[in-house]
Amino acid sequence: MRIGLLRCDEVGGDRLGRYGGYQQLFTELLNHGDTEVVVTDYDLVAGRFPGDPGEQDGWLVTGARAAAFDDDPWIAELLDLIRVLDAAQAPTVGVCFGHQAIALALGGTVRNTGSWGVGVRHAEMVDPSPASAPVDGGFRIAYSHRDQVVDLPATARLTSTAAHCPVASFAIGDHMIGIQGHPEFGTDFARDLYTGRFINIGEEAANDAMATLDDGTDRFAVADWMMRILVG
């Protein structure tokens, strides 16, 4: 199984050396099951874009510190690419920034909410289907964002909602999904990230986020859900 990682940023600070970059994090996440997954890195910020939707079996758009509505040339090119992938019905998963970019590219709205969504949060499934049901009743994964999708594209359907984020995930047909949280983040990584962003997040929100980490996540169940999309 060949997945193209449309990488929109890189793990920051000394976490890169201790945990690996996004290519390593997603390779480890997607290879927890029986299917052997080879993840090929496309550094979009550096201008490395795929030439054809069929170049890989599926595509994964990562998170980023940028906003999907920023005017960087590489973001405009990514939005164009997402439209091409959708038209080709190429299996595609967007995570955090990637989730927002898919929504924006296809006619939705993304806004900065002004507050951080952090911690391991529960998302409740509202449209169970093979393309939208990682675990019965919902799933828990780590979050780290301020922007979020506030209006879905006309072709999208809401698949899950969280208390702090009404559009926690959505689907476009059976070939494309967006997930606001970070299934690639284990709890150790999330704790490290929240500690590093303590001042930006704010003491109260950061402490609350830390308190959610002890019960673990459903990130490998979410990985299985992602793989159901990516294998087409």
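One table, with the values for the structure above:
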item: Flag for Ala103 being among the aliphatic types (A, V, I, L, M), at pLDDT 95 or above and closer than 16 Å to Pro50 by Cβ; result: no
item: Some residue of the range 12-21 being of a type in the set (D, E, K, R) and under 22 Å from Leu158 (Cα atoms); result: no
item: Residue check, Ala90 under 14 Å from the mean Cα position of the chain (by Cα), at pLDDT 95 or above, among the aliphatic types (A, V, I, L, M) and within 12 Å of Ile172 (Cβ to Cβ); result: no
item: Number of positions in the range 219-228 that are modelled with pLDDT under 95 and among the charged types (D, E, K, R); result: 2
item: Conditions (1) at pLDDT below 95; (2) closer than 13 Å to Val118 by Cα; number of the one not met by Arg191; result: (1)
item: Number of the exception - Gly114 against (1) over 20 Å from Val61 (Cα atoms); (2) touching a His at 6+ places or on another chain (Cβ under 8 Å); result: (2)
item: Filtered residue count, the range 201-232, keeping only those that are farther than 21 Å from Met125 by Cα, touching a Phe, Trp or Tyr at 6+ places or on another chain (Cβ under 7 Å) and β-branched (Val, Ile, Thr); result: 1
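Conditions (1) of a type outside the set (Asp, Glu); (2) loosely packed, with under 14 Cβ neighbours inside 10 Å; (3) closer than 22 Å to Arg2 by Cβ, marked per residue:
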position	(1), (2), (3)
Gly63	yes, no, yes
Ala68	yes, no, no
Asp71	no, yes, no
Ala76	yes, yes, no
Leu79	yes, no, no
Ala90	yes, no, yes
Val95	yes, no, yes
Leu104	yes, no, no
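The values are calculated or read from the model by the stated rules, or taken from the named source; none is laboratory data. What you are looking at is a predicted structure, and each value in this text was computed from that prediction instead of being measured. Counting neighbours? That spans all protein chains shown, and the Cβs are built from the backbone with ideal geometry, glycine included.
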